[in-house]
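Input: a single structure, listed below in structure tokens.
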Amino acid sequence: QLAAVEAVSAARGDEYTNLALLTDGLRAEREQGITIDVAYRSFATPRRKFIIADTPGHIQYTRNMVTGASTADLALILVDARKGLVEQSRRHAFLCPLLRVPHLVLCVNKMALVDYSQEVFHRIADQCTRFRADLGAPVRAWVPIAWLHG
């Protein structure tokens, strides 16, 4: 699968391996650069099997997010470092405990676009921590990520 994504990325002229192509199977998803439907990918290690459900974040596709999260053991909620904890991020953080997702990891995405600012990261982590504490569902981890380069 990775080799196919690398080939398509190169054919499109991307200067990087576009990992979104692993799960964005619908033409509309690739054209708009957003996730619309739930996409599942699985892999195994010698000790465990994993199923990744890539679910949409946009408000009009919340029901698809619920479908993907309904069987999850872990949710990764991506928060844009430039925007912080917006309404839709809060909605996802609220829905996860209702769906009995036992573990939540907050991923502050696009850190490169805020010059990898620790202040921005900690502000967003604090926002989410306070919000989730009000729900009685703690965040297990906070991870800063740079969307394109890992």
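For this structure, a couple of remarks:
- Among (1) β-branched (Val, Ile, Thr); (2) within 29 Å of Tyr16 (Cα to Cα); (3) open to solvent by less than 50 Å² (accessible area, probe 1.4 Å) - the single one Val143 does not satisfy: (3)
- Residue list for region 114-132, filter: over 17 Å from the mean Cα position of the chain (by Cα) and hydrophobic (A, V, I, L, M, F, W, C): Val114, Val120, Phe131
- Within region 73-86, considering residues that are open to solvent by less than 30 Å² (accessible area, probe 1.4 Å) and in a loop (DSSP other than H, G, I, E, B), the one farthest from Thr129 (Cα to Cα): Ala81
- Residue that is modelled with the lowest pLDDT [pool: residues in region 36-72 that are hydrophobic (A, V, I, L, M, F, W, C) and open to solvent by less than 50 Å² (accessible area, probe 1.4 Å)]: Ile36
- Residue within region 130-138 that is in contact with a strand residue (DSSP E or B) (Cβ under 7 Å, 6 or more places away or on another chain), open to solvent by 40 Å² or more (accessible area, probe 1.4 Å) and either of a type in the set (S, T, N, Q) or not in a loop (DSSP other than H, G, I, E, B) (or both) present: no
- When each of Arg130, Arg91 is tested for being of a type in the set (Lys, Arg) and in contact (Cβ under 8 Å) with a residue 24 or more places away in the chain, the lone residue that passes is Arg91.
- Hits in region 87-126 - residues which are open to solvent by 50 Å² or more (accessible area, probe 1.4 Å), in a helix (DSSP H, G or I) and within 20 Å of His58 (Cα to Cα): Glu87, Arg90, Arg91, Phe94, Leu98
The values are calculated or read from the model by the stated rules, or taken from the named source; none is laboratory data. Just so it is clear, the model here is predicted, and its values are computed rather than measured. No Cβ is skipped: glycine too gets one built from the backbone with ideal geometry, and neighbour counts run over all protein chains shown. Ligands, DNA and RNA are excluded from the accessible area calculation, which covers all protein heavy atoms including side chains. Shrake-Rupley method; radii C 1.70, N 1.55, O 1.52, S 1.80 Å.
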